[in-house]
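The values are calculated or read from the model by the stated rules, or taken from the named source; none is laboratory data. This one's a predicted model, so the numbers in the text were calculated from it and none came from an experiment. Backbone-built Cβ (ideal geometry, glycine too); neighbour counts: all protein chains shown. Please note that ligands, DNA and RNA were not included when accessible areas were found on the heavy atoms of the full protein model with its side chains. Shrake-Rupley method; radii C 1.70, N 1.55, O 1.52, S 1.80 Å.
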Amino acid sequence: EDTNKVLRLIEVGNIYELDDWETAGNYYLQAEELSKKLNYPLGLIKFYSNYTAILNNQGKHDSALMLNKEALQLANTMQDKMIIGKCCGNMGNTYNFLNDYENAIYYYHEAEKNFEAIHNKYLLGRMYEMIQLVYQKMSRKDDALLYGQRPTGKWLCQEIVWILEDRW
């Protein structure tokens, strides 16, 4: 048993997640158990990220929030801006599900800062989309418009495709 098995368990869970949350959750829980046994923090982070998505979809937002807080604490010890940013984004998602828009915006902005620091345009675009949507829900139209005018992840990916097509 090694860290590759953890990653495979997560991947198999991903396959089931669209159709069978219970089976997906079982694979994620196996990944959590093995990650703890192997002292594999990245495996735990991946478990938290995937399992909380199921919890959010099941309406178990309090459980998702608790696990997302654990994930963010662990991510902070790893000092990896990508991982911290993703965990902040997951926190924002759970607060968004809870209609707690102030906290959702706070965590989406925290994710934004981390993705800016590592120049990850794709994830920045994803955060811009989420921030825009939450500002719309908050009736903060000027803020929503500001973020709506920023390039989104889809736009950035299309820009890359155009650049590549121009080279051929």
Which of the residues spanning the stretch 96-149 are among the polar types (S, T, N, Q), farther than 24 Å from Asp80 by Cβ and in a helix (DSSP H, G or I)? Gln132, Gln136
Consider the stretch 80-94. How many of its residues are over 11 Å from the mean Cα position of the chain (by Cα) and either part of a helix (DSSP H, G or I) or touching a residue at least 12 places away in the same chain (Cβ under 8 Å) (or both)? 1
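Yes or no, residue by residue, for (1) surrounded by fewer than 13 Cβ atoms within 10 Å (Cβ to Cβ); (2) at pLDDT 95 or above:
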position	(1), (2)
Lys81	no, yes
Asn99	yes, yes
Ala117	yes, yes
Asn120	no, no
Asp143	no, no
Arg150	no, no
If we scan the stretch 50-68, do we find a residue that is among the β-branched types (Val, Ile, Thr) and open to solvent by 20 Å² or more (accessible area, probe 1.4 Å)? no
Please state which one of Lys137, Lys113 is more than 25 Å from Asp62 (Cα to Cα) and open to solvent by 60 Å² or more (accessible area, probe 1.4 Å). Lys113
Thr77: passes all of (1) in contact with a Leu (Cβ under 9 Å, 6 or more places away or on another chain); (2) open to solvent by 40 Å² or more (accessible area, probe 1.4 Å); (3) among the β-branched types (Val, Ile, Thr) but (1)
